[in-house]
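Engineer: Attaching a single structure in structure tokens format; questions to follow.
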Amino acid sequence: MPELPEVEVVRRGVANWVVGRTIEHVTVNDERSLRRHVAGPQDFINRVTGLTVTDAQRRGKFLWLPVTESHETDANRALLVHLGMSGQLLVASDGQPAPRHERLRFDLSPAPSDT
């Protein structure tokens, strides 16, 4: 399990690669990753698709990613991420094969500077 310094390194990477991007598509490869989302995987997919990540914060060993819809100005919702035993969130380009133990995949819009 990653310690606080490793979680902070991941948070900084998320801030660089994810903040400002919109979630365009979600793939759930392992439903156990969403066991605390009692409404199920399809509900999770429906709720997060179209949301934009506005920040990346660390709260203890959890990553807190505030999200907002394009027409909202106040982000009262967030994705809560725990790194589990691996301590990894991976950034990959289109066409790269899925890592062996990939649990969830978020396809994101291009970075604001890429447009």
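Only the coordinates and a few stated rules stand behind these numbers; no lab work does. Here the structure is a predicted model, which means the values were calculated and not measured. A quick note on method: Cβ atoms are made from the backbone with ideal geometry, for glycine too, and the neighbour counts reach across all protein chains shown.
Engineer: Stretched out fully, how many nm does the piece from GLU69 to ARG105 gain, at 0.36 nm a residue minus the Cα gap?
Structural biologist: 11.0 nm
Engineer: Mind checking segment 17-83 for GluC sites (Glu not before Pro) that DSSP puts in a loop (not H, G, I, E or B) and that have at most 13 other Cβ atoms within 10 Å?
Structural biologist: Those satisfying the criteria are GLU69, GLU72.
Engineer: Got a sec to turn the phi values of segment 79-96 into Karplus ³J(HN,Hα) couplings, 6.51 cos²θ - 1.76 cosθ + 1.60 with θ = phi - 60°, whole Hz, x for Gly and Pro?
Structural biologist: For segment 79-96, the Karplus curve yields 8, 9, 10, 10, 7, x, 7, 6, x, 10, 10, 9, 10, 9, 7, 4, x, 6 Hz.
Engineer: Now a separate question. For segment 14-115, what does the relative contact order come out to in percent, with C-alpha contacts under 8 Å and a separation of six or more?
Structural biologist: 37
Engineer: Now for a separate question. Compute log10 of I(q)/I(0) for the chain with the Debye formula, placing one identical point scatterer on every Cα and leaving out solvent, at q = 0.20 Å⁻¹, to two decimals.
Structural biologist: These q points yield log10 I(q)/I(0) values of -1.30.
Engineer: Between VAL9 and ARG35, what length comes free when the chain is fully extended (0.36 nm per residue of separation minus the Cα-Cα distance, one decimal in nm)?
Structural biologist: Length difference between fully extended and current span is 6.8 nm.
Engineer: What does the extension gain come out to for ILE45 and LEU90, with contour length at 0.36 nm per residue minus their alpha carbon separation?
Structural biologist: Here the answer is 14.3 nm.
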